[in-house]
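Read the structure below first, then the notes.
The values are calculated or read from the model by the stated rules, or taken from the named source; none is laboratory data. Not measured: the values here are computed from a predicted model. Positions of Cβ are generated from backbone atoms using ideal geometry, with glycine treated the same way; all protein chains shown enter the neighbour counts. Each accessible area value is taken on the protein alone, full model and side chains, heavy atoms only, with ligands, DNA and RNA left out. Shrake-Rupley method; radii C 1.70, N 1.55, O 1.52, S 1.80 Å.
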Amino acid sequence: SVRFYRMRDSGSVLHDGNEYDVDKQGMFSGSWELMRAGRLVATAKKGVFRSGVEMDCDGERFELTRLSLFSSQFELRQGRRRVGSIRRAGWFTRAFVADLDEAVPVSVRAFSVWLYAVLRRRNARSN
């Protein structure tokens, strides 16, 4: 489950029984930190000219990017390898489906789900 805090792109995510807090770094930055039990687990930064987010978790790099300008589907990549996707469950719902490789760390899966939700939320607010 994904929960947003009021007036900020911060919140929490519960994934596979693990609860994480997400904190946005600065009001106008495109950077977030994923914390678990007060410990920094991963960081993410939105690309300036891209519709995606780069993540770093224990030295491993991942990228969550939108497949196209008109698509609500994002794909998760580790280097050149596709390791999952997240898409809206249907036309008339805010629910989404995450199909993420089990080999991807749980923290990255949780962060990806939260980042997908925040990017979709931002997109909905701008339309």
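List pairs: first residue in the stretch 85-111 and closer than 16 Å to T65 by Cα and open to solvent by 20 Å² or more (accessible area, probe 1.4 Å), second residue of a type in the set (A, V, I, L, M, F, W, C) and modelled with pLDDT under 90 anywhere in the structure, Cβ distance under 7 angstrom, at least six positions apart or on different chains. The qualifying pairs are R87/F96; R87/V97; R88/F96; F96/A89; V97/A89; A98/V113. Can you pull out every residue in the stretch 30-47 that is within 17 Å of R120 (Cα to Cα) and outside any strand (DSSP E or B)? Residues satisfying the conditions are G30, G47. For the stretch 73-99, filtered to residues that are closer than 19 Å to A44 by Cβ and of a type in the set (G, A, S), the residue that is modelled with the lowest pLDDT is A98.
Residue pairs whose Cβ atoms lie under 9 Å apart, separated by 6 or more positions or on different chains, with the first residue in the stretch 22-36 and closer than 18 Å to R109 by Cα and touching a residue at least 40 places away in the same chain (Cβ under 8 Å) and the second polar (S, T, N, Q) and open to solvent by 50 Å² or more (accessible area, probe 1.4 Å), are W32/Q25; W32/T43; L34/T43.
For (1) among the acidic types (D, E); (2) assigned to a strand (DSSP E or B), each residue gets a yes or a no:
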site: V13; (1), (2): no, yes
site: E54; (1), (2): yes, yes
site: E63; (1), (2): yes, yes
site: L69; (1), (2): no, no
site: S72; (1), (2): no, no
site: E75; (1), (2): yes, yes
site: W91; (1), (2): no, no
site: V97; (1), (2): no, yes
site: A103; (1), (2): no, no
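Restricting to the stretch 15-29, and then to whatever is open to solvent by 20 Å² or more (accessible area, probe 1.4 Å) and assigned to a strand (DSSP E or B), can you tell me which residue is farthest from L119 (Cα to Cα)? Among residues in the stretch 15-29 that are open to solvent by 20 Å² or more (accessible area, probe 1.4 Å) and assigned to a strand (DSSP E or B), the one farthest from L119 (Cα to Cα) is N18. Residues that are assigned to a loop (DSSP other than H, G, I, E, B) and not small (G, A, S) do not occur anywhere in the stretch 115-123.
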